[in-house]
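Okay, structure first, notes after.
Just so it is clear, none of the values below were taken in a lab; they were calculated from the coordinates. Please read these numbers as outputs of a predicted model, since none were measured by experiment. As a convention, Cβ positions derive from the backbone with ideal geometry for all residues, glycine included, and neighbour counts pool all protein chains shown.
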Amino acid sequence: MAARSSVSRRTPVVNNTKIAKRKTAKRSSRSSPRRKKGKGISGATAFWLLFIVIILFLFIVNMDNIFRGVEVIQREFSAQPDEAEEAPAPSALPTPNPATSPAPSAAAPAPSASSAPTATTSPAASPAPTAAPAPAAAPPPAATAPAPAEELHDRYIYLVQVDNIGNIHRIRTNRRLPQSASPLNDSLNALLAGPTASEMERGMMTMIPVNSRLQSAVLRGDVAHVSFNEEFQYNVFGAEGLREQIRQVVFTVTEFPSINSVQILIDGARVEFIGEGVRIGNPLSRDDY
């Protein structure tokens, strides 16, 4: 009996434990769906919040472009004429009212016999106009006399020619030059110009430096004072070339009968020597060569 009573006493304890476990399980099962439901609501809210933040960010970044687009649209709409305004209807032309228009006047009375025009005699035919006299022909223009041909004179200059063995020969050649007040200057300028193309084909040349220029030529008695620039005293052919260029000048100047000798000057001043000891301090004549 004692053993049975102990068993019976323990049984309610077991039953109470099971009942407690069942209640706990039910509570947990009831609370778990609520947690899941709470988690789903918080995720959707976070998504919308993030979406709104992105939209705001894009709006702030592109705010200038959005305002510009709005201004452009407003300008286009303001520039367009208001098409809603209708053009004013043309005013209707007044139509004549037959009731108010004046009636046509009665037919004019026939002219009386006294008012009939009397026949008049036609005037005599006027004479036909005579033809106008033709204008007199203009006299032909007087023929202008042809300009006189420019008078040319022979001026002689001296060039040089080098043979096959190196000997230098003087060559006298002429130039057809116009008459002028300074024929000596003309001859010297022709000498400084050098040989023509046909003369170069025949082997003629000049020993005078290319950059030589005539400054003045003055005749004092029978001596011609001829001044050249500084380039005249530098000859690429050396002393022999200097002697030949001075000889060309002396023989060209003394072609004039009134000149016997030539005083060569450099920049207007007398110089004793030029180049490699070529003397020009005194007047030079053809006899010196």
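Arranged from fewest to most other beta-carbon atoms within 10 Å of their beta carbon, M207, M63 become M63, M207. Placing a pseudo-label 7 Å from each Cα along the Cα-to-Cβ vector at R286 and F57 gives an inter-label distance of 11.3 nm.
Using the basic label-point model (7 angstrom from Cα toward the beta carbon), what is the S42 to R68 distance in nanometres? Result: 4.5 nm between the two label points.
Counting 0.36 nm for each residue step from N260 to I165 and taking away their Cα separation leaves a gain of 30.9 nm. The trypsin sites (Lys or Arg not before Pro) of the stretch 158-229 that DSSP puts in a loop, and whose beta carbon has at most 14 other beta carbons within 10 Å, are R202, R213. In terms of other Cβ atoms within 10 Å, H225, H153 run from fewest to most in the order H153, H225. Cβ crowding within 10 Å, taken as a proxy for footprinting-reagent exposure, orders E255, E230 from fewest neighbours to most as E230, E255.
Extension gain, E231 to E201, is 8.1 nm, computed as 0.36 nm per intervening residue step minus the present C-alpha separation.
Beta bridges from DSSP with both residues in the stretch 152-288: antiparallel share about 80 percent, rounded to the nearest 5.
If you wrap the tightest convex hull around every Cα atom of the stretch 152-288 and split its volume per residue, you get 108 Å³.
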